[in-house]
Amino acid sequence: MLPYQHSCASNYLLLTVIHRTSWLVCAPQTSLAMAGPCFIQAGIGIEFTCSTIIVGALASDKSKDVLPPLTDEQASWLGSFLFLFTPLGSALSSLMLNRFGHKTCMILINVPFLVSQIMLFYANSVGTLYVCSMLMGLSVGYSGGPTSAYIGEVCEPKLRGALMSVTNVFYYAGSFLFTLIYAFTLDWRLTVLIGMSIPIVNIVILFMTPQSPMWLLTKGKSLKAQRTLAKLRGWPSQETGSSKEFKEMIAFTSTAVHDNDDIEKDEKGATSSWGQLLRPEVYRPFRLLMVYFFYANLMSGVQYGPYLLQIFTDFGAPVNVEFTLAFSVLLSTIGGILTIFFISKFGKRFLTLSALLICSICYIMIGLIGVYWTNSKPLTAWLVLIFFLTTIFLASFGIMPIAWILLSEIFPMKSRNITCSAGTAFGYLMTFFMIKYYLDFSNFVNFYNTFTIFGISGLFGAVYFYFYLPETENKTLQDISAFFK
């Protein structure tokens, strides 16, 4: 998140968003705990936007950069390499999370991110751009398990959905400020240089971030877990041990570690986390999450992401495409902020169904207008642009943020670390294929027909979620896990 150069600015923004909402009241330590994941999300927003800016900057023969203009093949690889390497980052995360804990793993997220930004600034070949995209993919993939699990474990049930939405706001804000700086400078290398401040500031914040109480309990550090929970909730330490929440944490983590009836064993008798994927309370929410990720990507236009500058040009509206890109991300930021206010009132199920239906209709309208209404170009150009920006806003309001909230809360404790990492890996691998082969698909069916096809697919998704998506808002992790058994 570009302009936030100091940790105090991050905490101020976070506290302002939270405390101005009457139903969000949390201790200062909770705000500090959320600051690290928020900056991680801002960094992910920058990493996702890098390819869009670089592909757009190097797409023209008029580019004055030392790098030559990119071909369609090179652009598709640059835009998708990040998502191809996220599964590797997720795998590394799942192997290290139980041993080192959420805090250490969140610090490590920033290392490949910082290295990639330094390499991008000095890049003089397309191969270097590919390597940078791979490093950003490792960083993004590594972030999924630690941050999602951490937020799910340190937040109170009634605040978990809203606070997870706050992190998504930082994701969109990071993207917006990154694109806005590029719109003013028109220099992608200078934009990348400014973006290097994010991982540096985040590392400083994370050194002050408390560890997850649940993780401390799994390591037998009950007294430290009690003190940490007291700070997170703003309670006197002596009252924490008798609190209902702490007792539920003890019972929940004890079940995760010691319940032989619920945990499969490997040949040596050690707990097998991978074996948990075969249990109904794990594979059912995992299946739901994969379907949700697919439609979240589809309706939020992830497949169009690296090519947005060219897509805005193809729409034909008389606008500055660089500022239109920044404005589209601003709409996403506003949608993410609105999610904080409305998710507890309307619930995840209603927001998902309504946003998915409207986005699907907008996509279908774009496709029909682009193919069949071609004799009023200025009017149709504005219409398709407005419909497209509407889908960007609604997807950030009712679909994409909820996907990551579900990731943090629908899995049982005993398998959450591995399933959060695996869910993130499969979600990003899905994104890789959608981006890599979008240009081939668009050339095959026609640019505007892609919108019609995606819109019709979204209608089928709405039917699926109507029958299979439960309401998880204001439910404890235990209640959610019990639903899928």
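The values are calculated or read from the model by the stated rules, or taken from the named source; none is laboratory data. What you see is a predicted model; the values in this text were computed from it and never measured. Positions of Cβ are generated from backbone atoms using ideal geometry, with glycine treated the same way; all protein chains shown enter the neighbour counts. Each accessible area value is taken on the protein alone, full model and side chains, heavy atoms only, with ligands, DNA and RNA left out. Shrake-Rupley method; radii C 1.70, N 1.55, O 1.52, S 1.80 Å.
If you check PHE432, PHE387, which single one turns out to be within 22 Å of PHE294 (Cβ to Cβ) and open to solvent by 20 Å² or more (accessible area, probe 1.4 Å)? Quick ask: steps written out before the conclusion?
On the way: PHE432 fails: open to solvent by 20 Å² or more (accessible area, probe 1.4 Å).
Being within 22 Å of PHE294 (Cβ to Cβ) and open to solvent by 20 Å² or more (accessible area, probe 1.4 Å) holds for just one of PHE432, PHE387, which is PHE387.
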Matching entry among TYR428, TYR438, TYR448 (being under 14 Å from the mean Cα position of the chain (by Cα) and on the phi < 0 side of the Ramachandran plot): TYR428
Residue pairs within 9 Å by beta carbon, gap of at least six or interchain, first lying in the range 175-191 and within 26 Å of PHE393 (Cβ to Cβ), second open to solvent by 40 Å² or more (accessible area, probe 1.4 Å) and polar (S, T, N, Q), listed first then second, are ALA183/ASN320; THR191/THR185
Expected output for the range 108-119 (first residue closer than 13 Å to VAL140 by Cβ, partner open to solvent by less than 60 Å² (accessible area, probe 1.4 Å) and of a type in the set (Val, Ile, Thr), Cβ below 7 Å, 6+ apart or cross-chain) is ILE109/ILE40; ASN110/ILE203
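Condition check ((1) in contact with an Asp or Glu (Cβ under 9 Å, 6 or more places away or on another chain); (2) open to solvent by 60 Å² or more (accessible area, probe 1.4 Å); (3) charged (D, E, K, R)) across all residues:
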site: ASN446; (1), (2), (3): no, yes, no
site: PHE451; (1), (2), (3): no, no, no
site: PHE454; (1), (2), (3): no, no, no
site: LEU459; (1), (2), (3): no, yes, no
site: PHE465; (1), (2), (3): no, no, no
site: TYR468; (1), (2), (3): no, yes, no
site: ASN474; (1), (2), (3): no, yes, no
site: SER481; (1), (2), (3): yes, no, no
site: LYS485; (1), (2), (3): yes, yes, yes
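Report yes if some residue within the range 472-482 is among the aliphatic types (A, V, I, L, M), more than 16 Å from PHE83 (Cβ to Cβ) and not in a helix (DSSP H, G or I); otherwise report no. So that I can check it myself, show each step before the final result.
First, the residues of the range 472-482 that are among the aliphatic types (A, V, I, L, M): 477, 480, 482.
Imposing the further condition that a residue be more than 16 Å from PHE83 (Cβ to Cβ) reduces the set to 477, 480, 482.
Next cut, not in a helix (DSSP H, G or I) only: none.
No: the range 472-482 contains no residue that is among the aliphatic types (A, V, I, L, M), more than 16 Å from PHE83 (Cβ to Cβ) and not in a helix (DSSP H, G or I).
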In the range 195-214, how many residues are more than 19 Å from SER31 (Cα to Cα) and more than 22 Å from the chain's Cα centre (by Cα)? 0
Of (1) surrounded by fewer than 19 Cβ atoms within 10 Å (Cβ to Cβ); (2) more than 22 Å from GLN41 (Cβ to Cβ); (3) touching a residue at least 40 places away in the same chain (Cβ under 8 Å); (4) of a type in the set (A, V, I, L, M, F, W, C), PHE312 fails just (1)
Considering only the range 189-213, state which residues are assigned to a helix (DSSP H, G or I) and open to solvent by 10 Å² or more (accessible area, probe 1.4 Å). ARG189, LEU190, LEU193, ILE194, SER197, ILE200, VAL201, ILE203, VAL204, PHE207
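Output the residue which, of all residues in the range 97-112 that are within 23 Å of the chain's Cα centre (by Cα) and farther than 15 Å from LEU206 by Cα, is modelled with the highest pLDDT.
Here the residue is PRO112.
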For a quick check of your reading of the model, give me the residue pairs whose first member lies in the range 275-295 and is more than 22 Å from ALA395 (Cβ to Cβ), whose second is acidic (Asp, Glu) and modelled with pLDDT of 80 or more, with beta-carbon atoms closer than 8 Å and at least 6 apart or on different chains. none
It is to be established whether one or more residues within the range 48-55 are free of Cβ contacts under 8 Å to residues at least 40 places away in the same chain and of a type outside the set (A, V, I, L, M). no
GLY174 vs (1) open to solvent by 10 Å² or more (accessible area, probe 1.4 Å); (2) under 21 Å from THR191 (Cα atoms); (3) within 15 Å of the chain's Cα centre (by Cα): all pass except (1)
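So in the range 25-39, with the set limited to residues that are assigned to a helix (DSSP H, G or I) and open to solvent by 10 Å² or more (accessible area, probe 1.4 Å), which one is modelled with the lowest pLDDT? Break it down stepwise before answering.
At the first step, the residues of the range 25-39 found to be assigned to a helix (DSSP H, G or I) are 28-39.
From what's left, open to solvent by 10 Å² or more (accessible area, probe 1.4 Å): 28-29, 32.
Numbers: PRO28: 56, GLN29: 60, LEU32: 74.
Step by step, filter the range 25-39, then rank; the result is PRO28.
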What do you reckon, is ILE366 out of contact with any strand residue (DSSP E or B) (no Cβ under 6 Å at 6 or more places or on another chain), open to solvent by 30 Å² or more (accessible area, probe 1.4 Å) and modelled with pLDDT of 95 or more? no
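So if I check each of ALA296, ALA355, ALA326, which one is over 29 Å from ALA75 (Cβ atoms), modelled with pLDDT of 90 or more and either in contact with a Lys or Arg (Cβ under 9 Å, 6 or more places away or on another chain) or open to solvent by less than 30 Å² (accessible area, probe 1.4 Å) (or both)?
Details: ALA296 fails: over 29 Å from ALA75 (Cβ atoms); ALA326 fails: over 29 Å from ALA75 (Cβ atoms).
Testing whether each residue is over 29 Å from ALA75 (Cβ atoms), modelled with pLDDT of 90 or more and either in contact with a Lys or Arg (Cβ under 9 Å, 6 or more places away or on another chain) or open to solvent by less than 30 Å² (accessible area, probe 1.4 Å) (or both) leaves just ALA355.
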Being in a helix (DSSP H, G or I) and surrounded by fewer than 22 Cβ atoms within 10 Å (Cβ to Cβ) is the requirement here; does LEU95 meet it? yes
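Is it true that some residue in the range 262-285 is of a type outside the set (Lys, Arg), at pLDDT 85 or above and surrounded by fewer than 17 Cβ atoms within 10 Å (Cβ to Cβ)?
No: zero hits.
What tally of residues in the range 444-471 results from selecting those that are within 30 Å of THR374 (Cβ to Cβ) and either at pLDDT 95 or above or in a helix (DSSP H, G or I) (or both)?
18
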